[in-house]
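Structure, as structure tokens:
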Amino acid sequence: MRFLLVEDNQSLAAAILDRLRLDGHVADHAADIDTAESFVITTDYDLILLDIMLPDGDGRSFLKAHRDGQNETPVIVLTARSEVSDRVGVLDLGADDYLTKPFDFSELDARCRAVLRRRGGRSSNQKRLGALVFDPLAGTLEVAGQPVALRNKELRLLETFLAAPDQILSKARLVDRLFSYEEEVSENAIEVYVARLRKKISGSGVEIQTVRGLGYRMQTQ
């Protein structure tokens with residue numbers, strides 16, 4: 001998954017980013033509304049974690065503009081306010097969930113999983129194609145009933161392909177899904193990860209095709 005964290009508390013932001021990246025996700029950080037707005041204009045996110053009190057304004061204004069612009073990316077609000085009216089207010093503005101500070105990271109993980117399941121219309125996280133059974137949030141893959149170990153970038157790459165079967169995905173698109181803005185990487189790195197993933201899914205009835213000059217496409221054989 002690719003996350004955007006909008007949080008001005010640097011120590012809390014660092015802890016959340018470390019947790020997300022440890023779980024294999026790509027995570028960008030904005031410390032204010034202006035930076036967050038520039039990120040969402042140029043990048044597609046799976047989930048936004050949004051603080052309310054920010055240096056250049058109220059996170060609720062960002063949330064309202066986000067929804068008024070028909071952006072359906074899920075948003076979990078992080079707030080120090082525990083009053084019922086505050087929680088109801090952010091939900092009415094379009095937040096998918098909220099979490100009151102301080103919180104346990106295991107609860108944050110669980111709420112992220114629940115929101116993403118609801119948005120995907122699934123009671124389970126599992127995705128299936130051919131003989132592949134993949135759970136992107138648990139980070140598990142089975143090929144023809146046998147567990148297969150994947151590294152973080154391989155997991156994210158497989159997730160991206162399974163989200164768009166039969167579609168051609170450019171190297172630039174894959175770089176955007178696998179790496180944050182803080183990471184310097186060339187498009188050639190994608191070739192390496194694609195080659196590794198091809199070996200891991202061998203025997204699944206699913207293949208990653210190279211479409212010369214355009215990118216890659218995942219299809220059943």
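The values are calculated or read from the model by the stated rules, or taken from the named source; none is laboratory data. All values reported here derive from a predicted model rather than from experimental measurement. Counting neighbours? That spans all protein chains shown, and the Cβs are built from the backbone with ideal geometry, glycine included. Remember, those area values only see protein heavy atoms, side chains included, never the ligands or the DNA or RNA. Shrake-Rupley method; radii C 1.70, N 1.55, O 1.52, S 1.80 Å.
If I filter the range 153-180 down to residues being of a type in the set (S, T, N, Q) and either within 13 Å of the chain's Cα centre (by Cα) or closer than 12 Å to Arg196 by Cβ (or both), which single residue comes out as modelled with the lowest pLDDT?
First pass over the range 153-180, keeping only residues of a type in the set (S, T, N, Q): 160, 167, 170, 180.
Going one step further and asking which of them are either within 13 Å of the chain's Cα centre (by Cα) or closer than 12 Å to Arg196 by Cβ (or both), we end up with 160, 180.
Values: Thr160: 88, Ser180: 80.
Ranking the candidates gives Ser180 first.
What pairs come out if I take residues in the range 188-207 that are among the basic types (Lys, Arg) and pair them with residues that are open to solvent by less than 80 Å² (accessible area, probe 1.4 Å) and assigned to a strand (DSSP E or B) whose C-beta lies under 6 Å away, six or more apart or interchain?
Here the result reads Arg198/Ile208; Lys200/Val148, each pair linking the range 188-207 to a residue that is open to solvent by less than 80 Å² (accessible area, probe 1.4 Å) and assigned to a strand (DSSP E or B).
When the range 4-37 is examined, which residues are found to be free of Cβ contacts under 8 Å to residues at least 40 places away in the same chain and open to solvent by less than 10 Å² (accessible area, probe 1.4 Å)?
Selection gives Ala13, Leu20, Ala30, Ala36.
Could you tell me which residue of the range 53-79 is farthest from Arg111 (Cα to Cα), considering only residues that are in contact with an Asp or Glu (Cβ under 6 Å, 6 or more places away or on another chain) and surrounded by 15 or more Cβ atoms within 10 Å (Cβ to Cβ)?
Result: Leu54.
Test Asp96 against the stated conditions and say whether it is of a type outside the set (Phe, Trp, Tyr), without any contact (Cβ under 8 Å) to a residue 24 or more places away in the chain and open to solvent by 40 Å² or more (accessible area, probe 1.4 Å).
Spelling it out, it is not the case that Asp96 is of a type outside the set (Phe, Trp, Tyr), without any contact (Cβ under 8 Å) to a residue 24 or more places away in the chain and open to solvent by 40 Å² or more (accessible area, probe 1.4 Å).
For the range 80-93, check the following and say yes or no: at least one residue is touching a residue at least 60 places away in the same chain (Cβ under 8 Å) and either under 17 Å from the mean Cα position of the chain (by Cα) or open to solvent by less than 60 Å² (accessible area, probe 1.4 Å) (or both).
There is no residue in the range 80-93 that is touching a residue at least 60 places away in the same chain (Cβ under 8 Å) and either under 17 Å from the mean Cα position of the chain (by Cα) or open to solvent by less than 60 Å² (accessible area, probe 1.4 Å) (or both).
Looking at the range 135-147 only, could you name the residues that are in a strand (DSSP E or B) and open to solvent by 40 Å² or more (accessible area, probe 1.4 Å)?
Just the residues of the range 135-147 that are in a strand (DSSP E or B), to begin with: 135, 140-143, 146-147.
Within the range 135-147, Thr140, Glu142, Gln146, Pro147 qualify.
Hey, can you tell me all the residues within the range 196-221 that are in contact with a strand residue (DSSP E or B) (Cβ under 8 Å, 6 or more places away or on another chain), assigned to a loop (DSSP other than H, G, I, E, B) and either open to solvent by less than 80 Å² (accessible area, probe 1.4 Å) or on the phi > 0 side of the Ramachandran plot (or both)?
Matches in the range 196-221: Ile201, Gly203, Ser204, Gly205.
When you go through (1) assigned to a loop (DSSP other than H, G, I, E, B); (2) surrounded by 12 or more Cβ atoms within 10 Å (Cβ to Cβ) one by one for Glu183, which number turns out not to apply?
(2)
Quick one: in the range 106-134, which of the residues that are modelled with pLDDT of 85 or more and outside any helix (DSSP H, G or I) is most open to solvent (accessible area, probe 1.4 Å)?
Arg128
So, restricting to strands (runs of 3 or more DSSP E) that lie completely within the range 1-105, which ones have at least 2 residues that are touching a Leu at 6+ places or on another chain (Cβ under 7 Å) and under 27 Å from Leu174 (Cα atoms)?
Of the strands (runs of 3 or more DSSP E) lying wholly inside the range 1-105, those with at least 2 residues that are touching a Leu at 6+ places or on another chain (Cβ under 7 Å) and under 27 Å from Leu174 (Cα atoms) span 2-6, 26-30, 47-51, 75-79.
Is it true that Ile41 is closer than 20 Å to Ser180 by Cβ and without any contact (Cβ under 8 Å) to a residue 24 or more places away in the chain?
It is true that Ile41 is closer than 20 Å to Ser180 by Cβ and without any contact (Cβ under 8 Å) to a residue 24 or more places away in the chain.
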